[in-house]
Amino acid sequence: MADLKVSIGALELRNPVMTASGTFGYGLEFQDFVDLSELGGIVVKGTTLRPREGNPYPRMAETASGMLNCVGLQNKGVDYFCEHIYPEVKDLPTQVVVNVSGSTIEDYAETAHRIGELERIPAIELNISCPNVRQGGMAFGVTSQGAASVVKAVRRAYPKTLIVKLSPNVTDIAEIARAVEAEGADAVSLINTLMGMAIDAERRRKVLSIGTGGLSGPAVKPVALRMVHQVSKAVGIPVVGLGGIMSATDAVEFLLAGATAVEIGTANFIDPGVSTKVVRGISEYLARHGFSSVREIIGALEN
Amino acid sequence: MKKEILDLQIAEATSPWEGFVLLKAEPTEGALPECRPGQFAQLRTGGALLRRPISIHNVEEGGRRVWFLVQAVGRGTRWFQTLKAGDCLNAVMPLGNGFGMPGSGDRVLLVGGGVGVAPLLFQGQRLRERGIPFAFLLGARSADLLLQLEEFRRVGEVFVATEDGSAGECGLVTQHSAFAAPYTLVQTCGPTPMMRAVARLAHEQGMRCEVSLENRMACGVGACLCCVTEDRTGHNRCVCTDGPVFGAEELNWD
Ligand SMILES: Cc1cc2nc3c(=O)[nH]c(=O)nc-3n(C[C@H](O)[C@H](O)[C@H](O)COP(=O)(O)OP(=O)(O)OC[C@H]3O[C@@H](n4cnc5c(N)ncnc54)[C@H](O)[C@@H]3O)c2cc1C
Ligand SMILES: Cc1cc2nc3c(=O)[nH]c(=O)nc-3n(C[C@H](O)[C@H](O)[C@H](O)COP(=O)(O)O)c2cc1C
Ligand code: FES
């Protein structure tokens, strides 16, 4: 069987398949469906310094081949995570990455620092791209300066693997990727959701409580692939690709576009067992094409 | 209770009422997981990307065959109308907490409106097996919209309220004389305004009340936080895992 191991900075993954933040809970919710020891890693829910209730219901609308959400980073805060959730996830048989969010630079740095003290969490994914919170979140991710200033502060507070999750809601994502690389990010992941809107014509109302939400699912895949390709050409650090991956073939496309690893999000809702199917499918693809390591196909487009 | 991803094969698909479909299905292999009344399944639909949450309407004796009663309201649920015997249906189940199991001193009124009657048949079945006194109170706009009336009658005593008076008492379920009897617990599923009115009435009469919510869902397993409802303390609770059944007093309903 082909070698599936990849590394993202110092983070070693047994295979390139992780699950995306906000779509797989803390992994525990999926243990009836997935053998977590078969996954490269899981990225748990967005965590902030203080607890957040998130946005009012309705928070979700299905759209053509996708969905909009405006959950708004509901979570119980980093103290709760350290005290109550960490003990439950620290011995999961896969790499556990914590997605960190905030509304001020100080919040980001403090949260990252707290997570850095947890022995069994080898990496964080810094979410500077959430479109669903009014303050902060995406505000930092849409300018090179904003992105650089958060990453700079977090880099000082956090010694382990730092993955920065980029927003697709920008004019030039490559420029932002270069800015966070220059501040010491170990990797970038992309894409977060694309800002969108849904309207109920019959009722003449916005469907989501706050009007707008983030689009995910198969509808965003071509945009995500293009951005992963573009960013992987622009930076020297590893790229984690996500956005609309539903199958092993989709995942292979991201690897070919230049991603070192992938994350699976919305697809978990449709088939809760999909993540490990993608792992097996990548193995089959490598065998079928005579590759001995998954690393041989990273960025291996022939044209 | 272990959740499973199951391939079900349709044994019977009928449309006894315009705009509704009744599906009876069995796992293609193995047994149906153990299910509690009030729990639901996330059904794959060819009409949409995301699964659709549908209550477990009944589990036949022997535990092999599960029933779903679906109202075709949009592209996801309309697709279920195309299913025929022999077709395959993929389900993630059982999900959610289900109705509480009343104690031996309880007398239970199961109040349903519209397609919300679905989970009550299974609950009635269970109450009958346990020998707990209960009755159904079913509401509809008119007699022809009373779903599964014969099945309910097979399981227990049935009271009916129709808005046009074409069957049972004329009016809403909350106006029905059944509420005058000394029930201790009301379990209800139906349109939210109906459940709110039922909860208020139950409270006034000193009966406990459990309501089953139908919020929109994505994952159905507590991972995405799309389905939340605000509780009395101002915190968001997941309808898919903390519910769909809540004590009415837990919610921020007046
Ligand atoms: C736990 C649970 C159990 C359920 N059990 C059953 C059941 O046994 N039988 C049954 O027929 N239905 C049941 N439902 C409701 C069912 O899931 C929805 O009707 C279905 O998801 C609608 O999907 P659709 O694609 O057909 O409609 P869509 O195209 O998504 O929507 C059609 C219309 O209905 C509105 N709508 C859809 N869902 C909701 C909602 N949750 N709240 C308010 N408005 C909505 C939309 O805005 C739109 O106008 C249950 C729901 C839950 C959460
Ligand atoms: C319901 C939901 C909640 C999400 N929550 C987060 C979050 O907390 N932090 C984050 O960085 N991304 C979050 N995302 C974005 C996903 O991690 C992912 O970037 C996006 O959905 C695109 O991938 P997909 O198309 O495979 O779902 C969320 C997405 C969804 C659908
Ligand atoms: S539907 Fe995802 S948490 Fe309830």
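Structure notes:
- Expressed as a whole percent, the accessible area of segment B:110-254 that falls on carbon and sulfur atoms is 47 (1.4 Å probe).
- Sulfur and carbon atoms: percent of accessible area, chain A [1.4 Å]: 50
- When the helices of chain A are scored as -39500 (n - 2.57) per DSSP H run of n ≥ 4 and the total is divided over every residue, the value at 222 nm lands at -8500 deg cm²/dmol.
- Only Cα pairs under 8 Å and 6+ residues apart enter the sum, and on that basis the relative contact order of segment B:55-123 stands at 41 percent.
- The alpha carbon gyration tensor of segment A:105-224 gives principal lengths a ≥ b ≥ c with a/c of 1.5 or higher and a/b greater than b/c, which makes the shape prolate.
- Dipole of the protein assembly as shown, positive direction: furthest Cα of A:PRO87, A:THR161, B:ALA31, with charges on the beta-carbon: A:THR161
- Zone residues, segment A:43-59, relative to A:THR104, backbone N less than 20 Å from point 7 Å out along Cα-to-Cβ: A:47-54
- With a 10 Å cut-off around each Cβ of B:213-221, the average count of Cβ atoms from other chains is 6.
- Only Cα pairs under 8 Å and 6+ residues apart enter the sum, and on that basis the relative contact order of segment B:4-95 stands at 40 percent.
- Sites A:GLN145 and A:ASP172 - FRET efficiency at Förster radius 22 Å, r taken between beta-carbons, to 0.05: 0.95
- All Cα-Cα distances of segment B:4-95, cut into 10 Å bins from zero to the largest, leave 18, 57, 24, 1 percent in each bin in turn.
- With Cα atoms, 0 to 90° folded angle of helix B:192-204 axis to chain B main axis: 40
- Taking segment A:4-20 and a reference point 7 angstrom along Cα→Cβ of A:GLU38, the backbone N atoms nearer than 19 Å belong to A:4-6, A:13-20.
- For peptide B:223-234, the mean count of partner chain Cβ atoms within 10 Å of a residue's Cβ comes to 6.
- For segment B:123-254, share of DSSP beta bridges that run antiparallel, in % to the nearest 5: 30
- Measuring with a 1.4 angstrom probe and ignoring ligands and nucleic acids, A:GLU183 comes out at about 60 Å² accessible.
- Extent along principal axes [Cα atoms of chain A; Å; largest to smallest]: 52, 49, 41
- Here, segment B:99-210 yields an orientationally averaged convex hull projection of 6.0 nm² when only Cα atoms define the hull.
- Gained length - B:SER15 relative to B:SER177, 0.36 nm times residue gap less alpha-carbon distance: 55.2 nm
- The relative contact order of chain B, computed from alpha carbon pairs under 8 Å that lie at least 6 residues apart in sequence, is 17 percent.
- Where B:LYS24, A:LYS90, A:LYS277 fall by accessible area, highest first, once all protein chains stay in place (1.4 Å): A:LYS277, A:LYS90, B:LYS24
- Taken along the Cα-to-beta-carbon direction at a fixed 7 Å, the label points for A:GLU53 and B:ARG64 span 5.1 nm.
- Calculated log₁₀ intensity ratio I(q)/I(0) where the Debye formula runs over C-alpha points of the protein assembly as shown, q = 0.07, 0.08, 0.12, 0.13 Å⁻¹: -0.44, -0.56, -1.11, -1.24
The values are calculated or read from the model by the stated rules, or taken from the named source; none is laboratory data. Being a predicted model, the structure only gives us computed values, none of them experimental. In this analysis, Cβ positions are derived from the backbone assuming ideal geometry, glycine residues included, and neighbour counts consider all displayed protein chains. The area values use the complete protein model at the heavy-atom level, side chains included, leaving out ligands, DNA and RNA. Shrake-Rupley method; radii C 1.70, N 1.55, O 1.52, S 1.80 Å.
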